[in-house]
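Quick notes on the structure that follows.
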Amino acid sequence: MHVFVTGASGWIGSPVVDDLMAMGHVVTGLARSESSAAVLAAKGVQVLRGDLDDLGSLRTGAEAADAVIHLANKHDWSNPAASSAAERAAVQTIGEALIGSNRPFLLASGMVPGGSGRVGTELDRSPFHGLNTPRGGSENLAMEFVDRGVHAVAVRFAPTVHGMGDYGLIAMIAAIARAKGVSGYPGDGTNRWPAVHRSDASRAVVLSLGTAPAGTRLHAIAEEGVRTKEIAEAIGRAFALPVTSIAPDDVSNHFGWIGTFFGMDLSASSIATQELLGWTPTGPTLIEDIDAGAYTSS
Ligand SMILES: NC(=O)c1ccc[n+]([C@@H]2O[C@H](COP(=O)([O-])OP(=O)(O)OC[C@H]3O[C@@H](n4cnc5c(N)ncnc54)[C@H](OP(=O)(O)O)[C@@H]3O)[C@@H](O)[C@H]2O)c1
């Protein structure tokens, strides 16, 4: 299969590309910079130079491929509206390019809060519709293309896809701990974050290519929920910092924008995903990775 991957140089995209190629697929990767293009070319990936802001490049890549895996994201944390707008426009463009083809279109998505401490499942519908919602409502937008002959599948990643060298949300929380001199957790720290190792997340993506029916929402989750107090304690051990509760009223001030996420209970299961894909996560747990130095080595 010829697979067009956006975000092919990213944290999740890199192992996805490796896994696809190991399975004999031909990969075209979108690259917005010379350095990303060089990394991809060195792996034997066909490079398509382009950008999320250059929708023509996304259209070209999607039209030429048998399947699309969309992982690129601006991740402009200082301007989330810009990231959401780019994400929505990208999904709209790729969806339109694939209309009537029944070709797979896998897109990255995020957790849907179960609410009231309930563990979320793949059956939970995303409440995010439209441009002014998280990720620009891209999951629901992609699903609107199913009735138009697009084999859309959403892969909801745990908020921490961890591993050695991770620069995602846990790295940001660790950086805040170092800057503040304390490793904090919101309130009583009983709210939970799901987690998945990078290698397991990649395998779930690649397995879903030929397996997941159109319209499926998948959970790339290994651990249903790790308490934020346990995460803070592990970060405290890693950097020899005291561990402390941050009062709910002070969470935004202490953690900045990430406090809203860190204060949420996002626990969710992946039982349906594991059964559907025949996928069993085998990588280290989040706490094992923190204890092994995943966030201290850089
Ligand atoms: N990592 C996690 O813990 C996690 C958790 C939940 C959901 N997700 C979602 O999963 C997806 C992949 O995440 P990730 O962690 O792999 O992200 P990442 O490491 O930040 O990689 C993002 C990718 O997008 C590319 N990109 C950024 N801006 C671009 C632009 N303007 N035009 C074209 N490409 C651009 C980057 O290319 P360059 O190499 O050129 O920078 C990179 O390949 C994202 O949608 C993310 O929100 C990730």
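Ser84 meets each of the listed conditions (1) within 14 Å of the ligand (Cβ to nearest atom); (2) within 17 Å of Thr273 (Cα to Cα) apart from (2). Of the residues making up segment 1-20, those that are open to solvent by 60 Å² or more (accessible area, probe 1.4 Å) and among the hydrophobic types (A, V, I, L, M, F, W, C) number 1.
For (1) among the small types (Gly, Ala, Ser); (2) within 18 Å of Val119 (Cβ to Cβ), each residue gets a yes or a no:
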| position | (1), (2) |
| --- | --- |
| Ser252 | yes, no |
| Trp257 | no, no |
| Pro281 | no, yes |
| Ser297 | yes, no |
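When Thr93, Thr60, Thr121, Thr28 are checked against the criterion of being open to solvent by 70 Å² or more (accessible area, probe 1.4 Å), within 30 Å of Pro213 (Cβ to Cβ) and of a type in the set (Val, Ile, Thr), a single residue qualifies: Thr60. For residues that are open to solvent by 20 Å² or more (accessible area, probe 1.4 Å), on the phi < 0 side of the Ramachandran plot and in contact (Cβ under 8 Å) with a residue 40 or more places away in the chain, scanning just segment 126-142, find the one that is nearest to the ligand (Cβ to nearest atom). Here the residue is Pro134. Taking every residue in segment 41-53 that is more than 16 Å from Asp19 (Cα to Cα) and open to solvent by less than 40 Å² (accessible area, probe 1.4 Å) and pairing it with any residue that is modelled with pLDDT under 95 and part of a loop (DSSP other than H, G, I, E, B), at least 6 positions away or on another chain, yields no pair with a Cβ-Cβ distance below 8 Å.
Scanning segment 98-114 for residues that are part of a loop (DSSP other than H, G, I, E, B) and more than 14 Å from the ligand (Cβ to nearest atom) yields Ile99, Gly100, Ser101, Asn102, Arg103, Gly114. Answer with yes or no whether Pro80 is at pLDDT below 95 and within 23 Å of Ala158 (Cβ to Cβ). Criteria met by Pro80. Just one residue in the set Ala85, Ala72 is part of a helix (DSSP H, G or I) and among the hydrophobic types (A, V, I, L, M, F, W, C); that residue is Ala85. Just one of the listed residues (Asp200, Asp291) is open to solvent by 50 Å² or more (accessible area, probe 1.4 Å) and among the acidic types (Asp, Glu), namely Asp291. Restricting the first member to segment 176-196 and to residues that are part of a loop (DSSP other than H, G, I, E, B), and the second to residues that are open to solvent by 10 Å² or more (accessible area, probe 1.4 Å) and of a type in the set (Asp, Glu), the beta-carbon pairs closer than 7 Å and six or more apart or on different chains are Asn191/Asp265.
Condition first: part of a strand (DSSP E or B) and not basic (Lys, Arg). Can you find one or more residues in segment 245-254 that meet it? Step through it out loud before you land on a result.
Start the filter on segment 245-254 by keeping residues that are part of a strand (DSSP E or B), which leaves 245-246.
So of that shortlist, the ones also not basic (Lys, Arg) come out as 245-246.
Within segment 245-254 (the criterion being part of a strand (DSSP E or B) and not basic (Lys, Arg)), the answer is yes, since at least one residue qualifies.
Considering (1) without any contact (Cβ under 8 Å) to a residue 40 or more places away in the chain; (2) touching a strand residue (DSSP E or B) at 6+ places or on another chain (Cβ under 9 Å); (3) of a type in the set (A, V, I, L, M, F, W, C), the lone condition that Leu218 does not fulfil carries the number (1). Mind checking which residues of segment 1-51 are near the ligand (Cβ under 7 Å from one of its atoms) and either acidic (Asp, Glu) or part of a strand (DSSP E or B) (or both)? Thr6, Leu30, Ala31, Asp51 - these are the residues of segment 1-51 that are near the ligand (Cβ under 7 Å from one of its atoms) and either acidic (Asp, Glu) or part of a strand (DSSP E or B) (or both).
Would you please name the residue that is nearest to the ligand (Cβ to nearest atom), looking only at residues in segment 143-193 that are under 26 Å from Asp124 (Cα atoms) and β-branched (Val, Ile, Thr)? Filtering first and then ranking leaves Val161. With the structure loaded, tell me whether Ala272 is in contact with a helix residue (DSSP H, G or I) (Cβ under 7 Å, 6 or more places away or on another chain), open to solvent by 30 Å² or more (accessible area, probe 1.4 Å) and more than 19 Å from Pro186 (Cβ to Cβ) or whether it fails that test. No, not satisfied.
The values are calculated or read from the model by the stated rules, or taken from the named source; none is laboratory data. Quick caveat, the model's predicted, so the values are computed rather than measured. Neighbour counts run over all protein chains shown; Cβ positions are idealised from the backbone, glycine included. Keep in mind that these areas ignore ligands, DNA and RNA; they rest on the heavy atoms of the full protein, side chains included. Shrake-Rupley method; radii C 1.70, N 1.55, O 1.52, S 1.80 Å.
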